[in-house]
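The values are calculated or read from the model by the stated rules, or taken from the named source; none is laboratory data. Just so it is clear, the structure is predicted and the values come from calculations on it, not from any experiment. Glycine also receives a Cβ, built like all others from the backbone with ideal geometry; neighbour counts cover every protein chain displayed. Note: areas computed on protein heavy atoms with side chains; ligands, DNA, RNA excluded. Shrake-Rupley method; radii C 1.70, N 1.55, O 1.52, S 1.80 Å.
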Amino acid sequence: MANLLSVENLTKSYGDRLLFGDITFGVDEGDKIGIVARNGTGKSTLLSILAGQEAADSGAVVWRNGLRIGYLPQDPYFAPGATVLDAALDNDDPRSDVVKEYTLAMASGDEERCQKAVHEMDNLSAWDYEDRLRQLLSRLGLPDMSKQVDRMSGGQRKRLAIARTIISEPEFLILDEPTNHLDISTIEWLEGYLKRSRATLLMVTHDRYFLDRVCSSIIELDHESLFQVEGNYDMYLRRRAERIEAMAADVARAKNTLRKEQEWMSRQPQARAGKAKFRIDNFYNLKERARGLRQEKNVKLDAASSRIGSKIFEAEGICKKFGEKVILDDFTYTFAPGDKLGIVGVNGVGKSTFIKLLQGLIPADSGEWNVGETVRFGYYSQDGISFDNNKKVIDAVSEIADDIDLGEGQRIAPMQYLQRFLFSPADQQKYIYTLSGGERCRLHLATVLMRQPNFLILDEPTNDLDIITLGILEEYLASFKGCVIVISHDRYFLDNIVDHIFVMEGDGVIKDFPGNYSDYRTYLNSIEKEAEKPAPKPVAEQAKQRPERPAKMSFKEKKEFEQLGVEIEALTAEKESLEAFFASGESCDDFNERSARYSEIKDLLDEKEMRWLELSEKA
């Protein structure tokens with residue numbers, strides 16, 4: 001495969017903080033690579049450097065000449081006052097200006113201008129490009145090309161940025177958190193698009209299903225270094241566990257040897273002159289290795305929750321609409337103790353409004369909420385922190401409480417509490433406006449949990465949190481004794497937390513589905529397949545069209561039938577052998593070849609089994 005990108009000895013730091021040092025990797029044509037790491041380790045910075053938006057301290061980034069590159073930043077920029085049409089065609093493709101002029105000319109009704117624009121479209125063969133633009137914007141829910149970007153929601157702006165990035169069909173895509181602010185249906189569409197696309201892909205995302213289903217290789221940035229694993233996200237998790245275990249074993253061996261060498265080094269100074277220099281050097285190398293595996297710092301979510309009574313929450317006949325848009329229509333539901341509920345629906349259907357209604361932050365038009373006396377809400381909003389940005393991090397916590405109850409009589413000070421959310425004493429003196437997206441999320445989560453809620457309402461909690469913190473949050477919510485409502489586009493997160501789902505279908509319709517999101521998706525797929533089946537014909541017509549009994553097999557077909565049985569048995573055995581290898585987690589040099597062979601075997605088995613069934617009808 002042709003090499004498209006070579007990164008050699010790349011180093012980047014901010015002040016005295018090193019993000020990554022001397023990292024080296026390459027990307028070949030057709031690769032689909034996901035990048036994972038903790039917040040603040042330089043994922044977005046790395047992509048920005050590769051896209052030429054930022055400079056590295058040292059090292060080289062070498063692209064193949066003439067390569068068409070598409071870059072989607074985490075927070076895309078649009079010119080003030082730009083329309084959807086302006087923004088979607090804001091790229092280096094020469095067809096963009098022509099299509100834009102053609103669209104404006106047709107809207108103006110100026111016949112001379114239209115004829116000139118049509119001529120230019122013909123010259124550049126831009127008709128397919130214009131057709132693709134309209135289809136893409138329509139599929140992404142942006143059919144009005146005259147709408148101003150300044151008036152659009154975060155989700156709409158993200159969809160527009162995706163359209164701008166892929167409209168020219170670049171050969172190499174660089175995507176930074178492409179699923180943030182998207183609804184699940186759009187995520188699933190983008191997932192399918194990237195799987196089918198022949199474009200090479202380098203992507204940062206915390207969406208674990210997205211990684212698993214799209215990527216063929218995972219890069220992890222950890223401790224200023226880079227580690228690469230061939231395979232999907234599930235394979236990466238196994239390899240990462242093996243790497244950490246191997247590093248821990250190496251540190252343990254180094255510490256054992258260091259004790260002996262320390263005794264040797266501590267002998268009388270007069271004997272030191274005769275010590276071998278290489279052994280002295282080795283002692284200091286051992287000392288460095290013994291420091292080895294740094295203790296992983298993880299968020300600790302162990303704040304206590306207050307007791308919740310048997311009466312939780314009842315909604316009776318709730319109605320709410322804004323103008324002609326209906327959010328709830330005669331909604332009635334009784335929350336049970338331990339209820340863990342997910343809410344899904346397309347962007348703009350009213351998910352965030354629903355949970356604000358539930359808490360009384362927005363009044364209902366009619367109906368009644370009955371809240372239990374012991375219920376204490378904890379609300380994590382996608383709008384983020386509502387504190388004064390000019391306050392320090394420590395002030396955001398200490399002004400809520402002088403100490404925090406962790407349960408079982410254990411109480412700690414705000415400074416200790418913030419350290420559990422990875423804010424060092426120095427970080428706690430930062431002003432809130434200087435925090436990164438991930439840091440703001442952690443602070444917001446800290447202020448929600450310190451109030452000891454027993455009914456958690458989380459609106460898009462997974463945005464800007466790294467994968468490791470997401471896993472810890474999932475474990476906390478799984479063992480949480482109170483009620484939980486989650487709005488999330490992260491399908492993996494929903495599957496691990498909720499036991500049923502509210503599907504908001506629009507026009508005030510809410511359907512309660514028992515099961516997690518994957519269960520719901522499976523149900524939808526079965527409905528779609530059922531709808532695709534042709535309607536059964538009347539019995540009389542079936543009798544007329546009933547096929548005659550198939551003819552007996554010829555001699556040649558008998559031989560083919562026997563050979564197929566042998567081939568299917570051999571292919572099945574080879575397939576099972578490869579599956580056993582993949583499940584073992586063993587490493588090998590020919591992993592890619594084995595993966596390709598596995599796909600080939602599956603296709604062959606499908607083909608031969610189908611032919612075997614055809615012949616067996618005759619047999």
Checklist entry - Are any residues in region 195-207 open to solvent by less than 10 Å² (accessible area, probe 1.4 Å) and within 15 Å of the chain's Cα centre (by Cα), and if so, which ones? => result Leu201, Leu202, Met203, Val204, Thr205, His206, Asp207
Checklist entry - Among the numbered criteria (1) more than 21 Å from Gly141 (Cα to Cα); (2) touching a residue at least 40 places away in the same chain (Cβ under 8 Å), which single criterion is violated by Ser185? => result (1)
Checklist entry - Which ones in region 372-381 are among the hydroxyl-bearing types (Ser, Thr, Tyr), within 18 Å of Phe480 (Cβ to Cβ) and part of a loop (DSSP other than H, G, I, E, B)? => result Thr374
Item to check | Among the residues listed as Phe25, Phe20, the single one being under 26 Å from Lys195 (Cα atoms) and outside any loop (DSSP other than H, G, I, E, B) | outcome: Phe25
Checklist outcome for this item: Of (1) touching a Lys or Arg at 6+ places or on another chain (Cβ under 6 Å); (2) within 30 Å of Leu422 (Cβ to Cβ), Ala105 satisfies every one except (2)
Checklist entry - Out of curiosity, is Gly515 modelled with pLDDT of 75 or more, touching a Ser or Thr at 6+ places or on another chain (Cβ under 9 Å) and under 30 Å from Lys325 (Cβ atoms)? => result yes
Item to check | Single condition Val62 does not satisfy, out of (1) modelled with pLDDT of 95 or more; (2) among the hydrophobic types (A, V, I, L, M, F, W, C); (3) buried (at least 20 other Cβ atoms within 10 Å of the Cβ) | outcome: (3)
Item to check | Selected residue (criterion: least open to solvent (accessible area, probe 1.4 Å)) from residues of region 382-440 that are in a loop (DSSP other than H, G, I, E, B), in contact (Cβ under 8 Å) with a residue 60 or more places away in the chain and within 17 Å of Gly40 (Cα to Cα) | outcome: Phe421
Checklist entry - Quick one: how many residues across region 219-235 are touching a helix residue (DSSP H, G or I) at 6+ places or on another chain (Cβ under 8 Å) and not hydrophobic (A, V, I, L, M, F, W, C)? => result 6
Item to check | Selected residue [in contact with a Cys (Cβ under 9 Å, 6 or more places away or on another chain) and at pLDDT 60 or above] from Met247, Met203, Met235 | outcome: Met203
Checklist entry - Restricting attention to region 171-191, which residues are more than 22 Å from Asp466 (Cα to Cα) and open to solvent by less than 20 Å² (accessible area, probe 1.4 Å)? => result Phe172
Checklist entry - For the subset of region 167-189 comprising residues that are aliphatic (A, V, I, L, M) and modelled with pLDDT of 95 or more, which member is farthest from Val36 (Cα to Cα)? => result Leu173
Next on the checklist: Among the residues that make up region 150-166, is at least one of them open to solvent by 20 Å² or more (accessible area, probe 1.4 Å), at pLDDT 90 or above and farther than 20 Å from Gln74 by Cα?
Outcome noted: no
Checklist entry - Do we have any residue at all in region 455-476 that's in contact with a Cys (Cβ under 6 Å, 6 or more places away or on another chain) and among the aliphatic types (A, V, I, L, M)? => result yes
Next on the checklist: So Phe78 ticks every box in (1) surrounded by fewer than 19 Cβ atoms within 10 Å (Cβ to Cβ); (2) in contact (Cβ under 8 Å) with a residue 40 or more places away in the chain; (3) in contact with a helix residue (DSSP H, G or I) (Cβ under 8 Å, 6 or more places away or on another chain) but one. Which box is left unticked?
Outcome noted: (1)
Next on the checklist: It is to be established whether one or more residues within region 559-567 are open to solvent by less than 80 Å² (accessible area, probe 1.4 Å), modelled with pLDDT under 80, more than 25 Å from Ser599 (Cα to Cα) and among the hydrophobic types (A, V, I, L, M, F, W, C).
Outcome noted: no
Next on the checklist: Just the residues that are buried (at least 18 other Cβ atoms within 10 Å of the Cβ) and closer than 19 Å to Leu406 by Cβ, please, taken from region 445-468.
Outcome noted: Leu445, Ala446, Thr447, Val448, Leu449, Met450, Gln452, Pro453, Asn454, Leu456
Checklist outcome for this item: Listed by first then second residue, the pairs whose first member lies in region 82-111 and is without any contact (Cβ under 8 Å) to a residue 12 or more places away in the chain, whose partner is open to solvent by less than 30 Å² (accessible area, probe 1.4 Å), with beta carbons under 7 Å and at least 6 positions apart or on separate chains, are Met106/Cys114
Item to check | Condition met for Gly378 (over 31 Å from the mean Cα position of the chain (by Cα) and either at positive phi or surrounded by 18 or more Cβ atoms within 10 Å (Cβ to Cβ) (or both)) | outcome: no
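Table: residues versus (1) at negative phi; (2) among the charged types (D, E, K, R); (3) assigned to a helix (DSSP H, G or I); (4) at pLDDT below 95.
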position	(1), (2), (3), (4)
Arg38	yes, yes, no, yes
Thr45	yes, no, yes, yes
Asp75	yes, yes, no, yes
Val98	yes, no, yes, yes
Ala105	yes, no, yes, yes
Ala117	yes, no, yes, yes
Glu120	yes, yes, yes, yes
Checklist entry - What number of residues in region 15-28 are open to solvent by 30 Å² or more (accessible area, probe 1.4 Å) and closer than 23 Å to Asp234 by Cα? => result 2
Next on the checklist: For region 122-140, which positions are surrounded by 19 or more Cβ atoms within 10 Å (Cβ to Cβ) and part of a helix (DSSP H, G or I)?
Outcome noted: Tyr129, Leu133, Leu137
Next on the checklist: Under 9 Å between Cβ atoms, which residue pairs at least 6 apart in sequence (or on different chains) link something in region 476-503 that is open to solvent by less than 20 Å² (accessible area, probe 1.4 Å) with a partner that is part of a helix (DSSP H, G or I) and among the acidic types (Asp, Glu)?
Outcome noted: Arg491/Glu188; Phe493/Glu474; Ile497/Glu474; Ile501/Asp519
Next on the checklist: Give me the residue from region 87-96 that is at pLDDT below 90 and open to solvent by less than 80 Å² (accessible area, probe 1.4 Å) and, out of that set, nearest to Ala163 (Cα to Cα).
Outcome noted: Asn91
Checklist entry - Looking at region 322-371, which of the residues that are part of a loop (DSSP other than H, G, I, E, B) and crowded, with 18+ Cβ neighbours inside 10 Å is modelled with the lowest pLDDT? => result Asn347
Checklist entry - Just wondering, is there one or more residues in region 445-457 that are modelled with pLDDT of 90 or more and in contact with a helix residue (DSSP H, G or I) (Cβ under 8 Å, 6 or more places away or on another chain)? => result yes
Checklist outcome for this item: Checking Thr83, Thr41, Thr45 in turn, the sole residue that is open to solvent by less than 50 Å² (accessible area, probe 1.4 Å), of a type in the set (Ser, Thr, Tyr) and more than 30 Å from Glu224 (Cα to Cα) turns out to be Thr83
